[in-house]
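Step one of this worksheet: look at the structure below.
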Amino acid sequence: MSLMLFMERVYMGIVIILVKLFWKKPEKRYKFELIQDDVELGSSNFPVVLIQIPMFNEKEVYKISIGAACGLSWPSDRLVIQVLDDSTDPAIKLMVEQECQRWASKGINITYQIRENRTGYKAGALKEGLKRSYVKHCEYVAIFDADFRPEPDFLRRSIPFLVNNPDIALVQARWRFVNADECLLTRMQEMSLDYHFTVEQEVGSATHAFFGFNGTAGIWRIAAINEAGGWKDRTTVEDMDLAVRASLRGWKFVYLGDLHVKSELPSTFKAFRFQQHRWSCGPANLFRKMVWEIIQNKKVKFWKKVYVIYSFFFVRKIIAHMVTFCFYCVVLPLTILIPEVWVPIWGAVYIPSVITILNSVGTP
């Protein structure tokens, strides 16, 4: 398993070098033309975009995320902002609602949305939001978690990919972290996630037109969401679930590495542990439920199936976690207590060192 993980890292390293040297940027690979302001047409040449901001007891960051969404450079009559608040604290719910009312008084089309229960959690909130009658005319939906802050030009740089390429379902932006230097824990997370965005997402987008949706800082074509079966809460990774189902129906994804969205990393071990549990268990559970469907699918190419099953799921989502825990946290420590068990130096030192070095390319 260590060798499998090592070979996966080497493969990704070779491909990303080739991509950076020879591959065209997304603006050259796809039809891309900025949507221009037209005095005669007014805002009618801009598509109607829905912004969804799911929240749950976000006392510290709700003002920042709502303010960033309301500050997007897009015609106000072609923008619908939906705050999906699943908070359980009445005081926080009141504060979020008042913030929405404050922006609404300035002429922003923003709606505060709550549910009677939290069925389906985030997936349930997003699904419920798309059912509302006032969003039926929206063509695209941009999703931002409560701690994400898009720049004003976010929509102008991403929407043209969807408008000019009818086979594209998703445009994913890169995360940037405002608190990366807060502590050792956040610096370690930054290194891991920078590799994910710099290498894994870039390779998936450039070579197979597939990568897992990160759940936020992305824009979906609503027609693609509906065709794929909508949001489902059968696993804790509803974003990856939707991405795989949409990909199996022939939709393409585009990753924009130069389009950044600021966010925050978990700075406490409790929050980090909760996040990692979701990111570790969810993909493995999803793989168990969808592997046969992927194998039987006839709309995607054979090599794309191989990439999704072996590289995307098996090595990265299952093998990587098993090696990290079983080998490095159990087997190697036990060899100190049991001298009869001998681990070769290439397995105990060289391979882990090379993997770590390759993982750090995004954050030298």
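Report yes if some residue within segment 187-210 is at pLDDT below 95 and on the phi > 0 side of the Ramachandran plot; otherwise report no.
Checked against the condition, which is being at pLDDT below 95 and on the phi > 0 side of the Ramachandran plot, segment 187-210 yields at least one hit.
Tally time: how many residues in segment 53-69 are of a type outside the set (Gly, Ala, Ser) and surrounded by fewer than 21 Cβ atoms within 10 Å (Cβ to Cβ)?
Residues that pass the stated criteria total 7.
Restricting attention to segment 36-47, which residues are among the aliphatic types (A, V, I, L, M) and crowded, with 17+ Cβ neighbours inside 10 Å?
None; the set is empty.
Does any residue of segment 212-222 turn out to be in a helix (DSSP H, G or I) and either free of Cβ contacts under 8 Å to residues at least 12 places away in the same chain or basic (Lys, Arg) (or both)?
So far as segment 212-222 goes, no, none of its residues is in a helix (DSSP H, G or I) and either free of Cβ contacts under 8 Å to residues at least 12 places away in the same chain or basic (Lys, Arg) (or both).
Exactly one condition in (1) open to solvent by less than 60 Å² (accessible area, probe 1.4 Å); (2) out of contact with any Lys or Arg (no Cβ under 7 Å at 6 or more places or on another chain); (3) not basic (Lys, Arg) is false for residue 264; which is it?
(1)
Of everything in segment 327-345, what is touching a residue at least 12 places away in the same chain (Cβ under 8 Å) and under 23 Å from residue 192 (Cα atoms)? Give them in sequence order.
Those that are touching a residue at least 12 places away in the same chain (Cβ under 8 Å) and under 23 Å from residue 192 (Cα atoms): 327, 328, 332.
Which ones in segment 285-297 are farther than 14 Å from residue 239 by Cα and either in contact with a Leu (Cβ under 6 Å, 6 or more places away or on another chain) or open to solvent by 30 Å² or more (accessible area, probe 1.4 Å) (or both)?
288, 289, 291, 292, 293, 295, 296, 297 - these are the residues of segment 285-297 that are farther than 14 Å from residue 239 by Cα and either in contact with a Leu (Cβ under 6 Å, 6 or more places away or on another chain) or open to solvent by 30 Å² or more (accessible area, probe 1.4 Å) (or both).
Please specify each residue of segment 199-211 satisfying the condition of being open to solvent by less than 30 Å² (accessible area, probe 1.4 Å) and either part of a strand (DSSP E or B) or not charged (D, E, K, R) (or both).
199, 201, 203, 204, 205, 206, 209, 210, 211
Condition check: part of a helix (DSSP H, G or I), under 27 Å from the mean Cα position of the chain (by Cα) and free of Cβ contacts under 8 Å to residues at least 60 places away in the same chain. Does residue 348 satisfy that?
It is false that residue 348 is part of a helix (DSSP H, G or I), under 27 Å from the mean Cα position of the chain (by Cα) and free of Cβ contacts under 8 Å to residues at least 60 places away in the same chain.
I'm checking my understanding of the structure. Among residues of segment 165-193 that are part of a helix (DSSP H, G or I) and aliphatic (A, V, I, L, M), which one is least open to solvent (accessible area, probe 1.4 Å)?
Filtering segment 165-193 for residues that are part of a helix (DSSP H, G or I) and aliphatic (A, V, I, L, M), the one least open to solvent (accessible area, probe 1.4 Å) comes out as 193.
Consider residue 319 against the criteria (1) open to solvent by 70 Å² or more (accessible area, probe 1.4 Å); (2) in contact with an Asp or Glu (Cβ under 9 Å, 6 or more places away or on another chain); (3) of a type outside the set (S, T, N, Q): it satisfies all of them except one. Which criterion is unmet?
So the condition that residue 319 fails would be (1).
Among the residues of segment 14-34, which ones are in contact with a helix residue (DSSP H, G or I) (Cβ under 9 Å, 6 or more places away or on another chain), farther than 14 Å from residue 205 by Cα and surrounded by fewer than 16 Cβ atoms within 10 Å (Cβ to Cβ)?
Residues satisfying the conditions are 31, 33, 34.
Identify all residues within segment 115-164 that are open to solvent by 40 Å² or more (accessible area, probe 1.4 Å) and among the aliphatic types (A, V, I, L, M); write none if there are none.
Selection gives 163 alone.
Identify, please: which residue in segment 122-178 is touching a helix residue (DSSP H, G or I) at 6+ places or on another chain (Cβ under 9 Å) and among the acidic types (Asp, Glu) and is, among those, farthest from residue 275 (Cα to Cα)?
Only one residue fits best here, namely 139.
The values are calculated or read from the model by the stated rules, or taken from the named source; none is laboratory data. The shown structure was predicted, so the numbers you read here are calculated from the model rather than taken from an experiment. With ideal geometry, Cβ positions are generated from the backbone for all residues, glycine too; neighbour counts draw on all protein chains shown. SASA here: full protein model, heavy atoms, side chains in, ligands and nucleic acids out. Shrake-Rupley method; radii C 1.70, N 1.55, O 1.52, S 1.80 Å.
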